[in-house]
């Protein structure tokens, strides 16, 4: 769905077109296998006029639209963005987000099993590591130290 220039002059029509575009993208994502999807459509009009010797020297105006898609497959989340709102651009957006979510799902599935029971600590339960402590020299010691702070399994990810 392309937002036409006529839509840009009427804020109500522009909002309706952006909402319809977001609904279309979410429907495409759900049809592509997303368990949840979120679309954010932003539009911006910018204008610049420069004067020299009390005359207009340069007048530039542009309209931009951006689309962000959050594509969830189970607990895996992928985000993709585009500035294209034509059919090919929307198809590519959904395909990129779906592929990224599936790659992330394959790439971390082994470690995800080890982390599946983990709960995210709230802000009050997180202890901070003092900056006066010596730097941890290898990944194993960093992992052990961080797991003691966050409560996460040491071999997670």
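The values are calculated or read from the model by the stated rules, or taken from the named source; none is laboratory data. Computed from a predicted structure; not experimentally measured. Positions of Cβ are generated from backbone atoms using ideal geometry, with glycine treated the same way; all protein chains shown enter the neighbour counts.
Quick grid of which residues meet (1) assigned to a helix (DSSP H, G or I); (2) over 18 Å from residue 86 (Cβ atoms); (3) at pLDDT below 95:
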site: 3; (1), (2), (3): no, no, yes
site: 7; (1), (2), (3): yes, no, yes
site: 13; (1), (2), (3): yes, yes, yes
site: 16; (1), (2), (3): yes, yes, yes
site: 29; (1), (2), (3): yes, no, no
site: 43; (1), (2), (3): no, no, yes
site: 49; (1), (2), (3): no, yes, yes
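The one condition from (1) at pLDDT 95 or above; (2) surrounded by 16 or more Cβ atoms within 10 Å (Cβ to Cβ); (3) out of contact with any strand residue (DSSP E or B) (no Cβ under 8 Å at 6 or more places or on another chain) that residue 112 does not meet is (1). Can we say residue 78 is more than 23 Å from residue 14 (Cβ to Cβ), touching a strand residue (DSSP E or B) at 6+ places or on another chain (Cβ under 6 Å) and in contact (Cβ under 8 Å) with a residue 24 or more places away in the chain? Taking the combined requirement at face value, the residue satisfies it.
The set of residues in segment 81-98 being in contact with a strand residue (DSSP E or B) (Cβ under 8 Å, 6 or more places away or on another chain) and in a helix (DSSP H, G or I) consists of 89, 90, 92, 93, 94, 96, 97, 98. Annotation: of all residues in segment 55-75 being at pLDDT 90 or above and out of contact with any strand residue (DSSP E or B) (no Cβ under 7 Å at 6 or more places or on another chain), the one that is nearest to residue 24 (Cα to Cα) is 73.
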